[in-house]
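Heads up: the structure comes next, in structure tokens.
Read-outs throughout are calculated quantities, based only on the coordinates presented, and are distinct from any laboratory measurement. In this text, all values refer to a predicted model and were calculated from it rather than measured experimentally. Every residue, glycine as well, gets a Cβ built from its backbone with ideal geometry; the counts of neighbours run over all protein chains shown.
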Amino acid sequence: MTITRRELGIFLPALLPAAAVLDAFAEADNSLPSANYPFDKLAVQILDHAEMRRVLKGKLATGEALEVHETMLPAASAPHAPHHHVHSEMWFIREGTVELTVNGASYRLGPGGVGFVHSNDEHGIKNVGSTPASYFVVAVGPGADA
């Protein structure tokens with residue numbers, strides 16, 4: 001089937017209102033923008049057993065919730081009791097020695113170590129060293145941005 005220039009001239013203006021209707025249904029992009037987060041510019045929040053620097057929190061362009069923070073945990077302490085939640089979490093250890101417990105099994109991690117916890121697995125982390133431990137937490141999935 002061939003369309004003449006005259007037919008195209010008739011149909012094209014008729015398509016513009018339809019495109020405007022479709023555009024009205026398109027969602028605004030509320031995802032996290034590209035950015036940088038210099039460590040020395042992150043505000044320090046003092047918690048019961050730790051210092052925390054919030055890095056970012058929001059939704060990815062693909063829809064997943066994301067939250068990232070850094071924690072400095074004093075020697076021989078834990079930020080909270082073991083718990084579980086729907087989102088998954090990863091820990092990237094910068095300094096010190098931590099013990100990550102997942103469903104009752106414990107693992108030691110030092111600088112450069114990475115721990116991962118699947119959705120709904122019970123987990124906890126504590127500093128088992130004699131010096132402060134610092135680590136980044138990356139939470140991904142439902143509720144991570146709550």
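What's the exposure ranking of HIS85, HIS49, going from fewest to most Cβ atoms within 10 Å?
Listing HIS85, HIS49 from fewest to most nearby Cβ atoms yields HIS49, HIS85.
Long-range amide H contacts for GLU95: which residues qualify at under 5 Å (H placed 1.01 Å from N, peptide plane, sequence gap of 5 or more or a different chain)?
SER134
Test of understanding: what is the full-extension gain from HIS80 to SER130, defined as 0.36 nm times their sequence separation minus their Cα-Cα distance?
16.1 nm
Starting from the amide H of SER77, placed 1.01 Å from N in the peptide plane, find each other amide H under 5 Å away whose residue is 5 or more places distant or on another chain.
ASN127
Setting aside same-chain residues fewer than 8 positions from LYS41, which lysines have a Cα under 19 Å from its Cα?
Counting by Cα, and skipping residues close in sequence, LYS41 has these lysines nearby: LYS57.
Taking the Cβ of each residue in ASP121, ASP29, ASP145, ASP40 as the centre, tally the other Cβ atoms inside 10 Å and list the residues starting with the fewest.
Ranking ASP121, ASP29, ASP145, ASP40 by Cβ neighbours within 10 Å, fewest first, gives ASP40, ASP29, ASP121, ASP145.
When the chain is fully extended, how far beyond the present Cα-Cα distance does LYS57 get from GLN45, taking 0.36 nm per residue of separation?
Extra length from LYS57 to GLN45 when fully extended: 2.8 nm.
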